[in-house]
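The values are calculated or read from the model by the stated rules, or taken from the named source; none is laboratory data. Keep in mind that this is a model prediction, so the values were computed, not measured. Positions of Cβ are generated from backbone atoms using ideal geometry, with glycine treated the same way; all protein chains shown enter the neighbour counts.
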Amino acid sequence: MLPLDLFGSRTVCVAVAVGFAFMVGYYGLPFLMSLYLQELRGYSALGTGAAFLPMMLVGAVLTPFSARLVERVGARALVIGGLVSMMAGLMVIASLPVTVPVADLALLMALVGLAGPLVMPPIMGLLLQAVPTRRAGVASGVFNTGRQVGGAIAIAVFGSLVADRATFVHGLRVSLLIASVVSLASAGVSLVLKPAVHRKGAVP
């Protein structure tokens, strides 16, 4: 069912890898911070949700401008910039003391939220340009499967690292550092991206 020659395109391979890596941080951070805020800081579910507002609002505000940003600076620059922003946010949060003001934490999580509009629309555009029209649905399916697998693996791995309350903080830091390294690695891989020229009937 899956045409393996689809992966003969460097852009397709990089796009799937970026989608996977993006979800490791974008799913992993809310999962970890939700546990941290409720279990260690004593926040209610409503208070915890409020701490994520800056992260969510950044994505909601900037997403409509993604196309204009691509035209201005290019898709590759946006993807790399978004992944580096995510990496920086995750790394800084991992280094913070457990008593950090939640307001500061919320602002730092916005760096991860910034990656949403900077990474996802451009990388999806590059992916669809890199495949024939008849394979757009298959390519999208592979991309979204990679994203979901990335999120699922992140939650499974990070969940195991913070499962023991006695070592929760250590597990939290290790999890955030893993996510930041994955983001940085995918930013490095994204350096090979080039704007794809659509050629009907062939994978570039």
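Here are a few things to note about the model shown:
- Which listed residue, of V157, V112, V138, V142, is modelled with pLDDT of 95 or more and either surrounded by 21 or more Cβ atoms within 10 Å (Cβ to Cβ) or in a helix (DSSP H, G or I) (or both): V157
- Listed conditions (1) small (G, A, S); (2) free of Cβ contacts under 8 Å to residues at least 40 places away in the same chain; (3) surrounded by fewer than 17 Cβ atoms within 10 Å (Cβ to Cβ) are all met by G74, apart from (2).
- Any hit, the stretch 15-33, residues being surrounded by fewer than 23 Cβ atoms within 10 Å (Cβ to Cβ) and over 16 Å from the mean Cα position of the chain (by Cα): no
- Within the stretch 36-66, if we keep just the residues that are in a helix (DSSP H, G or I) and small (G, A, S), the residue that is farthest from D164 (Cα to Cα) turns out to be S66.
- Within the stretch 1-41, restricting attention to residues that are free of Cβ contacts under 8 Å to residues at least 60 places away in the same chain and touching a helix residue (DSSP H, G or I) at 6+ places or on another chain (Cβ under 7 Å), the residue that is farthest from P117 (Cα to Cα) is Q38.
- When we screen V162, V138, V102 for residues that are over 28 Å from L57 (Cβ atoms) and either in contact with a helix residue (DSSP H, G or I) (Cβ under 8 Å, 6 or more places away or on another chain) or of a type in the set (K, R) (or both), the only hit is V138.
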